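Working notes for the structure below.
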Number of protein chains: 2
Amino acid sequence: MEKWRRSERIVVMTKILLESPHKLFTLGYFAQMFQAAKSSISEDLTIIKNTLQDIGQGRLETVSGAAGGVQYLPFVSTKEEQDILQSLSEKLSDPNRILPGGYIYMTDLIYDPSILNKLGHIFAHKFSEQKPDYIVTVETKGIPLALMTAKAFNVPLVIIRNDGRVTEGSAVSINYVSGSSKKIGSMSLARKALPSGSKVIIIDDFMKAGGTAKGVLDLMQEFKAEVLAIGVLIDTKEPETKVVKDYLGLLELDKLDEINKIIRVKIKNNNNI
Amino acid sequence: MEKWRRSERIVVMTKILLESPHKLFTLGYFAQMFQAAKSSISEDLTIIKNTLQDIGQGRLETVSGAAGGVQYLPFVSTKEEQDILQSLSEKLSDPNRILPGGYIYMTDLIYDPSILNKLGHIFAHKFSEQKPDYIVTVETKGIPLALMTAKAFNVPLVIIRNDGRVTEGSAVSINYVSGSSKKIGSMSLARKALPSGSKVIIIDDFMKAGGTAKGVLDLMQEFKAEVLAIGVLIDTKEPETKVVKDYLGLLELDKLDEINKIIRVKIKNNNNI
């Protein structure tokens, strides 16, 4: 390969950094890749860093010292976050989305990679102070959202099964009470799926009374996991008191009237978190 | 904002293009964004295109004409694909991964975003001639793989539920016979989850006899969907005759001897596809 020009190096570095958020790359790594001086690489990185900062799309963080280097951290500006959530809340506030039992049809939105990508970045940005080892969710609808959050943190996903069909060796099962319907369900996780003492963030798509989230918390205790945070895309205004206390909801199902076909989804005010 | 320098424009364009594969961006879109001449944007894009091509990581395709523009298509070189699959097959060929009933423990790998990202790109590259409207999978373990494939195609994911707990209005259910265990299962999909006549690619993590894939094919017929392709990460050598004929497998479970603790996973030769 001939000598790389700056603009070419920048294409490659931007791609590598963006595809592996939260991963530290040394100057030497890039210097060797491009057969270039570390000072040139350093200038390249400054350009990438300043540009991302200017457009409010991601942060390039420099870690100094012997084990130092540079890493890309997903960043979502307040304006962009508001735009994304506003657009989602408008789409969700459509009477055609009302499902029996006080639920909303939303799989068309939460299974769409272009929307999920942004939501994953929002969660990763909101929880950027945390250093999770794993993102944890319960099957099924929350999986895409949790995976995109895991991708933004560049850590593996752990999926709790909500039936007994775990076929992965010994598993821990717990029963939990659905906070809204008072039905008893069970969830299981294979022992080997989560090392004891792991730090985790729990992500789910929907929270009504919080019974499922409480079940996950209980299960996490069995694994001696430290739960750093809980994030849900939408929670419901009613019941106001959730079984789980500390969690971050992005949207709120403010009103759902099945008979009169009224549904209202709002952006939550999370300034207190 | 001051005038953008070429290297700055390239950071932003690389980010935008990579985050929305298969999406067409016009020259005018970028020209307006940067307040730059279309000729400059065109030169920027040529640099990005040639660089991606040189490193064998993605293709920038130019579509000419009035509705023309440029789009990023994930591309995985043969060497990179072999490296990824070789590394995976070695990890999977570990006797500690043997599970009762002829299964392999692999959720630590197929729930890991850094591995999934590459696998999604491999499927998108292998099926790059296809223009799917949706990627379809059956819960649960195949969901992350299918989502990353959907992301590489920039189309929504559709998840078939394998129980009757579809709470999304009217649904179509079918019974299917698991090809290996001969057990009868059922899978369901909400009517509104997939518009009639859609073009789909089916992605799953594992295929033994193909009974589940056959069930998905039958269900897709109910939705008048056109199945463009089926992709699975691993299939098994035995039984040699699958219920489903045309599919692409990346890896093959060549041997699994529970008693003697021998497992062997190989890269499949897919030159015929």
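Here the 3J(HN,Hα) profile of region A:118-126, calculated from phi with Karplus coefficients 6.51, -1.76 and 1.60 at θ = phi - 60°, is 5, 5, x, 5, 4, 4, 5, 6, 4 Hz, Gly and Pro shown as x. Candidate cross-link partners of A:LYS3 among the lysines, defined by an alpha-carbon separation under 18 Å and a same-chain spacing of 8 or more, comprise A:LYS38, B:LYS49.
Rounded to the nearest 10 degrees, the angle from helix A:6-19 to the longest Cα principal axis of chain A is 30 degrees. Ranking of B:ARG97, B:ARG191 by solvent-accessible surface, largest first: B:ARG191, B:ARG97 (1.4 Å probe, protein heavy atoms only, all chains present).
With +1 on the Cβ of every Lys and Arg and -1 on the Cβ of every Asp and Glu, and nothing else charged, how large is the dipole of chain B about its Cα centre, in debye rounded to the nearest 20?
Taking the Cα centre of chain B as origin, the dipole is about 340 debye.
Take every Cα-Cα pair in region B:1-48 and report what % of them are more than 17 Å apart. Roughly 24 percent, once rounded to a whole number. Only protein heavy atoms count here; under a 1.4 Å probe, B:SER77 has an accessible surface of about 30 Å².
Mind pulling the angle between the C-alpha long axis of helix A:78-92 and the longest principal axis of chain A? Nearest 10 degrees, somewhere in 0 to 90. Computed tilt is about 40 degrees. With the label put 7 angstrom out from Cα along the Cα-to-Cβ vector, A:GLU226 ends up 5.4 nm from the copy partners, going from closest to farthest. Total buried accessible area between B and A, probe 1.4 Å, nearest 100: 4700 Å². Legend: calculated FRET efficiency, A:SER186 to A:LYS237, from the Cβ-Cβ distance at R0 = 35 Å, rounded to 0.05, equals 0.80. Across chain B, C-alpha contacts under 8 Å between residues 6 or more apart give a mean separation that, scaled by the residue count, equals a relative contact order of 14 percent. Applying a threshold of 28 Å to the alpha-carbon distances of A:LYS182/A:LYS268; A:LYS151/B:LYS224; A:LYS23/B:LYS91; A:LYS199/B:LYS255; A:LYS214/A:LYS237; A:LYS199/B:LYS266 flags A:LYS151/B:LYS224; A:LYS199/B:LYS255; A:LYS199/B:LYS266 as lying beyond it.
The charge dipole of region B:42-201, taken about its Cα centre with unit charges on the Cβ atoms of Lys, Arg (+1), Asp and Glu (-1) only, comes to about 740 debye. Using the alpha-carbon atoms, what tilt in degrees (0 to 90, nearest 10) does helix A:143-153 show relative to the longest principal axis of chain A? Here the helix axis deviates by roughly 30 degrees.
Residues whose amide H comes within less than 5 Å of that of A:LEU251, counting only those at least five positions distant or on another chain, are A:ILE234, A:ASP235, A:LYS268 (H built at 1.01 Å from N in the peptide plane). Summing Lys, Arg as +1 and Asp, Glu as -1, what charge do residues with Cβ under 12 Å from the Cβ of A:ASP235 carry, A:ASP235 excluded? Charge balance in the 12 Å sphere: -1.
Placing a label point 7 Å from Cα along the Cα-to-Cβ direction at A:ARG191 gives distances to the equivalent points in the other copies of 4.8 nm, listed shortest first.
Across q = 0.07 Å⁻¹, the protein assembly as shown modelled as identical point scatterers on its alpha-carbon atoms has Debye log10 I(q)/I(0) values of -0.41, in the order of the q list. Take the Cα of A:SER196, step 7 Å toward its Cβ, do the same at B:GLU226, and the gap between the two points is 5.6 nm.
Peptide B:54-64 has a mean shielding of 2, counted as Cβ atoms of other protein chains within 10 Å of each residue's Cβ. Putting +1 on Lys and Arg Cβ atoms and -1 on Asp and Glu Cβ atoms, find which of B:TYR111, B:PHE75, B:GLN53 reaches farthest to the positive end of the dipole of region B:1-141. Going by the Cα projections, it comes out as B:GLN53.
Output the antiparallel fraction of DSSP beta bridges having both residues in chain A, as a percent to the nearest 5. Within chain A, antiparallel bridges account for around 50 percent of the total.
Of the three principal axes defined by the Cα atoms of region B:9-87, the extents in descending order read 46, 23, 18 Å.
Can you pull the mean other chain C-beta count within 10 Å for peptide A:43-50?
Per residue, the number of nearby Cβ atoms from other chains is 2 on average.
Here B:TYR29 yields copy-to-copy label distances, from shortest upward, of 3.0 nm, the label point defined as 7 Å from Cα along Cα to C-beta. Between region A:136-210 and region B:157-220, what's the alpha-carbon centroid distance in Å? Between the Cα centres of region A:136-210 and region B:157-220 lies a distance of 22 Å. In straight-distance terms, cross-link reach from B:LYS79 covers every one of the aspartates and glutamates whose alpha-carbon lies under 15 Å from its own, apart from those fewer than eight places away in the same chain; here that gives B:ASP54. Residues of region A:65-101 with backbone nitrogen within less than 19 Å of a virtual label 7 Å along the Cα-to-Cβ line of A:GLN32, please, listed as ranges. Backbone N within reach: A:65-71.
The values are calculated or read from the model by the stated rules, or taken from the named source; none is laboratory data. Owing to the predicted nature of the structure, the values given are computational and were not obtained by experimental measurement. Cβ sites come from the backbone with ideal geometry, for glycine too, and all protein chains shown count toward neighbours. For accessibility, only protein heavy atoms count, side chains too; no ligands or nucleic acids. Shrake-Rupley method; radii C 1.70, N 1.55, O 1.52, S 1.80 Å.
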